[in-house]
Amino acid sequence: MGKNRKTRIGKITSNKMNKTVVVQTESLRRHPLYHKVIRQSARFKAHDENNECNVGDVVKIVETRPLSKDKRWRIVEVIQKADIVGVLKDDVDQGNQEN
């Protein structure tokens, strides 16, 4: 008897808390009257046991029991790591070459 748990895929927007990250998910839906496509976003606090995720990573989260007041999700896998460190390093190297 497996439990059907909700899963979401989203991008990490904050990792300033200890063992907790904020994941933002986006979905598209059509307005019932005007039929315009609307982009909706939701933010979830998810448990990151090893503090391994950084801002910009794309992760898969799954619903779990309440872990704290706001935290009801945990990270299952990191789908794509953010390349922010590499970009910043290249920018610094270019700045040093100009001077």
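Throughout, read-outs are computed from the coordinates displayed, never taken from laboratory work. If you're wondering where the values come from, they're calculated on a predicted model, not measured in any experiment. Reconstructed Cβ throughout: ideal geometry from the backbone, glycine too, with neighbour counts over all protein chains shown.
What is the extension gain from LYS3 to GLU49, computed as 0.36 nm multiplied by their sequence separation minus the C-alpha to C-alpha distance, in nm to one decimal?
Result for the pair: 14.4 nm of gain on full extension.
Under a point spin-label approximation (7 Å from Cα along Cα-to-Cβ), what is the SER68-MET17 distance to one decimal in nm?
0.4 nm
In the structure displayed, which of LYS3/LYS81; LYS6/LYS45; LYS11/LYS36; LYS45/LYS81 lie more than 23 Å apart, Cα to Cα? Display every interim value, and only then the final one.
On the way: LYS3/LYS81 29 Å; LYS6/LYS45 14 Å; LYS11/LYS36 25 Å; LYS45/LYS81 18 Å.
Result: LYS3/LYS81; LYS11/LYS36 exceed 23 Å.
Excluding THR25 itself, what net charge comes from residues whose Cβ is under 9 Å from its Cβ, given Lys and Arg +1 and Asp and Glu -1?
+2
Treat each spin label as a single point 7 Å out from the Cα along the C-beta direction, and report the ILE38 to VAL78 distance in nm.
3.5 nm
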